[in-house]
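Single-structure report; data block below.
The values are calculated or read from the model by the stated rules, or taken from the named source; none is laboratory data. All values reported here derive from a predicted model rather than from experimental measurement. Reconstructed Cβ throughout: ideal geometry from the backbone, glycine too, with neighbour counts over all protein chains shown.
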């Protein structure tokens with residue numbers, strides 16, 4: 001006679017088989033042949049859903065990173081990208097190509113055809129063909145449907161994982177570790193996707209008659225940037241991309257074949273560099289910068305002090321400080337309220353947020369409303385904090401600091417001092433600070449980069465200038481070479 005535990009075991013096994021069968025059916029029904037790669041591909045996400053996700057994420061990129069404010073440059077990048085995408089296997093997607101206002105060396109693609117270059121990577125390109133190679137690579141991620149395939153695999157893995165966690169006590173114990181392992185499992189697909197995007201990018205480059213030999217130049221640039229960053233500071237793309245040296249070696253044979261297919265072999269170096277003349281280089285201090293523990297925002301004309309020793313980061317929509325033990329945080333951001341009173345009412349209308357009666361007053365002569373609060377968190381300790389809303393120059397700023405209820409006595413005074421330090425900037429040196437900008441110089445005679453620096457004084461060191469021009473310090477540059485230098489961007493002492 002079957003015992004109850006045996007019946008439960010049989011029922012559990014039956015459910016597992018049914019879930020596994022469902023996963024197989026889903027996988028089989030979702031496999032299609034990708035027109036760009038010619039390979040069968042798991043896709044549980046339709047094209048319209050892919051586009052919808054891209055549209056939503058595109059909005060977030062604009063809000064969090066910001067677009068570089070140069071319409072001519074934006075138009076130029078979009079035109080090149082549109083020409084490449086029109087020759088791809090998915091020409092009817094709502095393609096867009098934009099430059100984000102970020103000094104990092106990076107490029108990325110969202111599902112549905114939303115592609116971005118940072119102004120940081122553009123400063124390191126030396127030709128239109130190099131830029132087209134990177135745009136082609138990102139187009140390859142979209143035509144290869146790499147993000148869609150990754151999400152489909154995660155959905156499918158999630159079905160099996162959830163079934164195991166619900167039906168098996170033993171599996172539930174290790175569920176968290178299994179989920180962490182899934183990220184490592186899919187890393188190899190990411191690297192394969194990068195190689196495939198290189199192949200597709202080369203295809204699109206050739207179709208538009210760009211010189212394919214410019215693609216290894218991009219890999220060389222990425223290698224130099226990575227080496228200059230030093231150990232432990234490599235750019236984020238290094239974690240998923242194959243090493244630039246490997247990519248260059250792998251592409252050589254394909255490039256030799258591609259050369260036979262190109263007609264014009266366009267490089268367009270002078271035309272590209274002319275577009276860079278005057279472009280912001282490095283971090284833009286007008287959007288905020290730190291001098292020690294003090295943060296200045298020249299564009300908005302305010303300053304604020306952070307606790308000594310805290311980690312600090314300036315983002316397009318906020319500036320944040322985190323305690324050395326990472327157990328407290330304070331941040332400043334703009335809120336969409338007409339007054340401090342309206343803002344504090346909105347803050348306490350949030351679910352789970354409660355606090356004392358707000359205090360009306362002033363911070364350095366500016367109208368302000370502040371209050372202590374507590375808030376419950378799902379599956380986490382309750383937090384305690386202070387919030388202050390300040391009216392300044394027809395805007396309302398939120399200064400929010402919090403920690404756990406247990407740590408509140410340790411951080412209460414520090415968080416209050418941050419809010420009390422907010423004030424207008426009157427120092428003309430701060431208000432008039434300017435960003436560094438690229439200046440394109442045509443050298444009249446042969447020079448080494450070291451000699452160039454002596455003749456054409458700029459605001460960055462020799463090593464940085466050698467990096468963005470891709471010349472060694474003592475390597476001779478022929479007469480007539482267009483060379484990038486950086487002018488301005490000096491901060492007041």
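The selection criterion, being modelled with pLDDT of 95 or more, surrounded by 19 or more Cβ atoms within 10 Å (Cβ to Cβ), within 30 Å of residue 370 (Cα to Cα) and assigned by TED's automatic domain parsing to the domain that holds residue 342, does not hold for residue 423. Of all residues in region 435-456, those being exposed (fewer than 15 other Cβ atoms within 10 Å of the Cβ) and in a loop (DSSP other than H, G, I, E, B) number 3. None of 195, 191, 203 is modelled with pLDDT of 90 or more and either surrounded by fewer than 15 Cβ atoms within 10 Å (Cβ to Cβ) or part of a helix (DSSP H, G or I) (or both) except 203.
Let's see how each residue does on (1) farther than 30 Å from residue 289 by Cβ; (2) without any contact (Cβ under 8 Å) to a residue 40 or more places away in the chain; (3) assigned by TED's automatic domain parsing to the domain that holds residue 392:
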{"site": "315", "(1), (2), (3)": "no, no, yes"}
{"site": "318", "(1), (2), (3)": "no, yes, yes"}
{"site": "326", "(1), (2), (3)": "no, yes, yes"}
{"site": "331", "(1), (2), (3)": "no, no, yes"}
{"site": "334", "(1), (2), (3)": "no, no, yes"}
{"site": "337", "(1), (2), (3)": "no, no, yes"}
{"site": "354", "(1), (2), (3)": "yes, yes, yes"}
{"site": "366", "(1), (2), (3)": "no, no, yes"}
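For region 457-493, the set of residues classified as at pLDDT 95 or above, surrounded by 12 or more Cβ atoms within 10 Å (Cβ to Cβ) and in a loop (DSSP other than H, G, I, E, B) consists of 470, 471, 473, 475, 481, listed by residue number. Would you check if residue 474 is in the same structural domain as residue 324 (by TED's automatic domain parsing) and either touching a helix residue (DSSP H, G or I) at 6+ places or on another chain (Cβ under 7 Å) or under 30 Å from residue 301 (Cβ atoms) (or both)? So residue 474 fails the test. The residue that is modelled with the lowest pLDDT, among those in region 111-125 that are over 17 Å from residue 224 (Cα atoms) and crowded, with 23+ Cβ neighbours inside 10 Å, is 111. Looking at region 63-86 only, could you name the residues that are part of a helix (DSSP H, G or I), surrounded by 15 or more Cβ atoms within 10 Å (Cβ to Cβ) and at pLDDT below 95? Of everything in region 63-86, nothing turns out to be part of a helix (DSSP H, G or I), surrounded by 15 or more Cβ atoms within 10 Å (Cβ to Cβ) and at pLDDT below 95.
Any residue at all in region 154-166 that is assigned to a helix (DSSP H, G or I), farther than 21 Å from residue 76 by Cα and at pLDDT 50 or above? The answer is yes; a qualifying residue exists.
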